[in-house]
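Reviewing the structure listed below.
The values are calculated or read from the model by the stated rules, or taken from the named source; none is laboratory data. None of the values given here were measured: they were computed from a predicted structure. Neighbour counts run over all protein chains shown; Cβ positions are idealised from the backbone, glycine included. Each accessible area value is taken on the protein alone, full model and side chains, heavy atoms only, with ligands, DNA and RNA left out. Shrake-Rupley method; radii C 1.70, N 1.55, O 1.52, S 1.80 Å.
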Amino acid sequence: MIKDAYFSCCSEKNLYDPLLSTSGEEKTVKIQLLFFLMSENNLTAVTEFFLLGFQINQGLRHSLFSIFLVVYCGTICGNLLILILVSISKTLHTPMYFFISQLSICDLLLTIDLVPNLLHVLLNNGGTITFIGCMTQFCFFSAEETSECFLLTVMSYDRYLAICNPLHYASIMTSSCCVILAAMCWFFAFSVVFIDIIFTTQLIFCGPNIIDHLFCDMVPLLELACSDTFIVHLGIYLLSIPVIFIPTAIIVQSYTYIVLAILRIPSITGRHKAFSTCSSHLIVVSIFYWTMFSVYVVPTKGLTLTMSKVLSLLYTVFTPLVNPIIYSLRNKDITKAVQKVVYQRVI
């Protein structure tokens, strides 16, 4: 009877009143009571999760595995190519390419963090991940996505200075300034994620431990928590202001000024040349924020679980592949640097 009542409380996520909203002796007593019931009924805290992935037939799973393996290899090679070119080519030693190289580091880390385990889940029609492994994956995944938001914002400011204030661009965007801006992006990203991790690890996971997703993300994790998640949701909403909405506002404002400045250029050739310097970044920003807003900001009640998984794949797997392709195909400097390196190797 106690066991039935316990599971009922867990499923409704209101176990003995909100744990996180209490403090002191009352909270301690509630947690002790929780673990007493778990031990009395042979229940244990969750030590691992099971990722379902795509529950599809074997042939389709193998096809998806092959596609993602090719994407994984392409992403690694493409972003490594960007990093190597920016480091060895003197013509690419500019603020814009420095930030592009930082973006490539983000994409590399994100791919290495998620895709190998995703391939394992696809190949085996599901897979287990330890609680610590899940938290670690979520930590690095969130940090890389957050740092990409900040880097894209800094890159939009860089393009704004280059087009709207070209005479003072070199004096403002110095090498030291670029390093400081990049370091701030990484520092604030990991700081925000550290706060998220603190909130998440305060939750109690008592079962079930099945995550109907491809990796450990915040939303499916909160759905499995037995304790109250109000504080965590509140923290997420508050952190979304500096992480999503403020960067988005800065990017929109920067490109508004950029467009107005381009429209004031009298010649069509001049307009095209000015717009070409920021078109690649604008495409990358559009793809990244469209997928992010589709998953986290726009209400997902009407979306099926499969559609939600597909959307999450767009910004975690395919965007890191597309970014170096966009910067390579739409950038003459990178194309020339590739040709120069190949020519030197041939000779």
Identify, by number, the condition in (1) buried (at least 17 other Cβ atoms within 10 Å of the Cβ); (2) modelled with pLDDT of 80 or more; (3) among the hydrophobic types (A, V, I, L, M, F, W, C) that Leu260 doesn't meet. (1)
The lone exception for Gln253 - which of (1) under 30 Å from Cys134 (Cα atoms); (2) at pLDDT 85 or above; (3) of a type outside the set (A, V, I, L, M) it fails: (1)
Determine whether Val115 is among the aliphatic types (A, V, I, L, M), open to solvent by less than 10 Å² (accessible area, probe 1.4 Å), out of contact with any helix residue (DSSP H, G or I) (no Cβ under 9 Å at 6 or more places or on another chain) and within 22 Å of Thr319 (Cα to Cα). no
Would you pick out the residues in the range 85-111 that are surrounded by fewer than 17 Cβ atoms within 10 Å (Cβ to Cβ) and touching a residue at least 12 places away in the same chain (Cβ under 8 Å)? Ser87, Ile88, Thr91
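Kindly indicate the residue of the range 277-300 that is modelled with pLDDT under 80 and polar (S, T, N, Q) and also farthest from Met218 (Cα to Cα) among those meeting that condition.
Here is the first cut: in the range 277-300, the ones modelled with pLDDT under 80 are 277, 291-300.
Going one step further and asking which of them are polar (S, T, N, Q), we end up with 277, 291, 294, 300.
Working: Thr277: 36, Thr291: 16, Ser294: 15, Thr300: 14 Å.
Among those that are modelled with pLDDT under 80 and polar (S, T, N, Q), it is Thr277.
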Output the residues belonging to the range 136-159 that are within 21 Å of Leu214 (Cβ to Cβ) and open to solvent by 20 Å² or more (accessible area, probe 1.4 Å). Thr136, Cys139, Phe140
Taking the range 193-224, which residues are part of a loop (DSSP other than H, G, I, E, B) and under 27 Å from Thr111 (Cα atoms)? Asn209, Asp212, His213, Leu214, Phe215, Cys216, Asp217
Where the second residue is among the aromatic types (Phe, Trp, Tyr) and in a loop (DSSP other than H, G, I, E, B) and the first is under 15 Å from Phe50 (Cα atoms) and open to solvent by 10 Å² or more (accessible area, probe 1.4 Å) and lies in the range 217-230, which pairs have Cβ atoms under 8 Å and are six or more apart or on separate chains? Leu224/Phe205
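Identify, from the list Ile180, Ile210, the residue that is open to solvent by 50 Å² or more (accessible area, probe 1.4 Å), of a type in the set (Val, Ile, Thr) and either in contact (Cβ under 8 Å) with a residue 40 or more places away in the chain or under 30 Å from Thr130 (Cα atoms) (or both).
Working: Ile180 fails: either in contact (Cβ under 8 Å) with a residue 40 or more places away in the chain or under 30 Å from Thr130 (Cα atoms) (or both).
Only one candidate passes the filter, namely Ile210.
May I ask you to say which residue of Ile241, Ile236, Ile250 is open to solvent by 60 Å² or more (accessible area, probe 1.4 Å), touching a residue at least 12 places away in the same chain (Cβ under 8 Å) and within 23 Å of Phe150 (Cα to Cα)? Step through it out loud before you land on a result.
On the way: Ile241 fails: touching a residue at least 12 places away in the same chain (Cβ under 8 Å); Ile236 fails: open to solvent by 60 Å² or more (accessible area, probe 1.4 Å).
Selected residue: Ile250, the only one of Ile241, Ile236, Ile250 that is open to solvent by 60 Å² or more (accessible area, probe 1.4 Å), touching a residue at least 12 places away in the same chain (Cβ under 8 Å) and within 23 Å of Phe150 (Cα to Cα).
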